[in-house]
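Q: My structure is below; once you've seen it, I'll send some questions.
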Amino acid sequence: MPAEFPDAEGKQYADRMFSGTLEREGTTPAPRRPHRERTDDARHIRAGCHDAETMPWDMRTDKVAGTEYDKLCDFENLYRAFRLAARGKRGKGDIIAFELELAKNLWSLAEELKNGTYRLSGYYHFQVHDPKTRDIQALYFRDRVVQHSLCDNILRPYFENRLIHDCAACRRGKGTQFAVDRLTAFLRAFYKEHGTNGYILKCDVRKYFDNIDHVILKGLLKDFPDERVRTLLFDIIDSHNRETGKGLPLGNQSSQWFALYYLDRIDRLIKEKYRIRYYTRYMDDLVLVHEDKDYLQQCRKEIERVAWEERKLTFNEKTQVFPLTQGVDYVGWHFYVTGTGKVIKRLRTSNKRRFKRRLKAFQKQYREGGKTFEEIKQSLASYNGHLKHGHTWKLRKNLYGKFVLTKGEEEKNA
């Protein structure tokens, strides 16, 4: 049964949000809120937000007074969270069902959060195989709405001030392209100082999300200023693998922020103790560039010791020190520096194979009528936009030159 509104004022507010009036069955129209001038449109556009209803908390001019937890429960914040959670997925059944009674569902969530009765609905499981098999535990839609409100209004402002600048992934303006640009700039700067006489330490954590320890993570969050938010965070952490006390679900938006912060101790060790100037991290993928091989080996030993003793993590066989001239794999690209100082970015071999398989799949889908020409064209535009960030002109010429779409006989006769 859909939740009932707790009071008349709540119903009026919800109606005003979605229809702008209360002219129903003879009721008196509720007074509209006074128009509020938006003073941060420029920042809003630069942040990549599509409209005011999805504007992040720290960029809004109409912030809610109160505790951090009040931001989570705020009806307008939940509505913005719904818009973000539903973006690009409005045709799915669970989202359609939620939107049919949107005002009541959002008001029900707000009330459950306020009175402390909100509980996660559990997870559903599926696998992805691109490029390797991963088990995904995803929340149901109403919980994803809460996750968006929690992360956008509380966790992002909290963690942004605590993470180092070169820690990338899921931060505003700091996705894969930021990581690519930073490593490119680091390699250029290093070449100006030392030429190609240098070394790279590449570190990769073994099964990172599966090995994050709940007790250690909760210890890192024990000083969170709002007690009710802290309790909710602990509930989210323990909602997955409570028996073993290890692992975070890959499908949770909050897991991304927890995973970023979990390795902050390693970031501080590298930047503050060892003073490695050219260092970048994308989630559990670390790259350090330095002129002294022995210094990097010493740094590696300390990183591995701290990772195990303080975070119960180990590094896989990809973790090693090698010459700068050998290049390094990072966020899907292979970087190397030429003798003249030019930084070359080639698509990794595994990603080339994946792209070729995808092109063959497009040909088959078009031949069998599974995809239209416009759908394939749109997908290829996305791939092409990604490939243009690297040195891939020859690759694109070879692959696109052989890429031909033909209709099957059944499709031609249809």
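Q: If I filter region 226-241 for residues that are more than 19 Å from the chain's Cα centre (by Cα) and closer than 19 Å to Tyr282 by Cα, do I get at least one hit?
A: no
Q: Right, another one. Looking at this structure, is Thr176 under 22 Å from Lys318 (Cβ atoms) and of a type in the set (S, T, N, Q)?
A: Yes; evaluated as a whole, the condition is true for this residue.
Q: From the list Glu375, Glu302, exactly one residue is open to solvent by 50 Å² or more (accessible area, probe 1.4 Å), among the charged types (D, E, K, R) and out of contact with any Cys (no Cβ under 9 Å at 6 or more places or on another chain). Which is it? So that I can check it myself, show each step before the final result.
A: Details: Glu302 fails: open to solvent by 50 Å² or more (accessible area, probe 1.4 Å).
Among Glu375, Glu302, only Glu375 is open to solvent by 50 Å² or more (accessible area, probe 1.4 Å), among the charged types (D, E, K, R) and out of contact with any Cys (no Cβ under 9 Å at 6 or more places or on another chain).
Q: Looking at Ala81, Ala103, can you tell me which residue is more than 15 Å from Asp152 (Cα to Cα) and part of a helix (DSSP H, G or I)? Show your work before the answer.
A: Details: Ala81 fails: more than 15 Å from Asp152 (Cα to Cα).
Going through Ala81, Ala103 in turn, the sole match is Ala103.
Q: Answer yes or no as to whether Gly385 is part of a loop (DSSP other than H, G, I, E, B) and open to solvent by less than 70 Å² (accessible area, probe 1.4 Å).
A: When the stated conditions are applied, Gly385 does not pass them.
Q: Going through region 161-194 one residue at a time, which ones are closer than 19 Å to Ser254 by Cα, touching a Phe, Trp or Tyr at 6+ places or on another chain (Cβ under 8 Å) and of a type in the set (S, T, N, Q)?
A: Answer for region 161-194, where residues must be closer than 19 Å to Ser254 by Cα, touching a Phe, Trp or Tyr at 6+ places or on another chain (Cβ under 8 Å) and of a type in the set (S, T, N, Q): just Thr176.
Q: Only one of these conditions is not met by Leu288: (1) in contact with an Asp or Glu (Cβ under 9 Å, 6 or more places away or on another chain); (2) touching a residue at least 40 places away in the same chain (Cβ under 8 Å). Which number is it?
A: Of the numbered conditions (1) in contact with an Asp or Glu (Cβ under 9 Å, 6 or more places away or on another chain); (2) touching a residue at least 40 places away in the same chain (Cβ under 8 Å), the odd one out for Leu288 is (1).
Q: Looking only at residues in region 306-348 that are assigned to a helix (DSSP H, G or I) and open to solvent by 80 Å² or more (accessible area, probe 1.4 Å), which one is nearest to Thr133 (Cα to Cα)?
A: So, considering only residues that are assigned to a helix (DSSP H, G or I) and open to solvent by 80 Å² or more (accessible area, probe 1.4 Å), the one nearest to Thr133 (Cα to Cα) is Trp308.
Q: What residue, among those in region 168-187 that are open to solvent by 10 Å² or more (accessible area, probe 1.4 Å) and small (Gly, Ala, Ser), is farthest from Asn241 (Cα to Cα)?
A: Residues of region 168-187 open to solvent by 10 Å² or more (accessible area, probe 1.4 Å): 170-178, 181-182, 185-186.
Then keep just the ones that are small (Gly, Ala, Ser); that gives 173, 175, 185.
Working: Gly173: 32, Gly175: 28, Ala185: 41 Å.
Across region 168-187, the extreme among qualifying residues is Ala185.
Q: Against the conditions (1) within 16 Å of Asp204 (Cβ to Cβ); (2) touching a strand residue (DSSP E or B) at 6+ places or on another chain (Cβ under 6 Å), where does Tyr336 fall short? Just the number, please.
A: Against the list (1) within 16 Å of Asp204 (Cβ to Cβ); (2) touching a strand residue (DSSP E or B) at 6+ places or on another chain (Cβ under 6 Å), Tyr336 comes up short only on (1).
Q: Sticking with this structure for a sec: Can you find a residue in region 351-358 that is open to solvent by less than 70 Å² (accessible area, probe 1.4 Å), within 26 Å of Leu288 (Cβ to Cβ) and in contact (Cβ under 8 Å) with a residue 60 or more places away in the chain?
A: yes
The values are calculated or read from the model by the stated rules, or taken from the named source; none is laboratory data. The structure presented is a predicted model; accordingly, all values stated were derived computationally and were not measured. Positions of Cβ are backbone-derived with ideal geometry, glycine not excepted, and every protein chain shown enters the neighbour counts. Please note that ligands, DNA and RNA were not included when accessible areas were found on the heavy atoms of the full protein model with its side chains. Shrake-Rupley method; radii C 1.70, N 1.55, O 1.52, S 1.80 Å.
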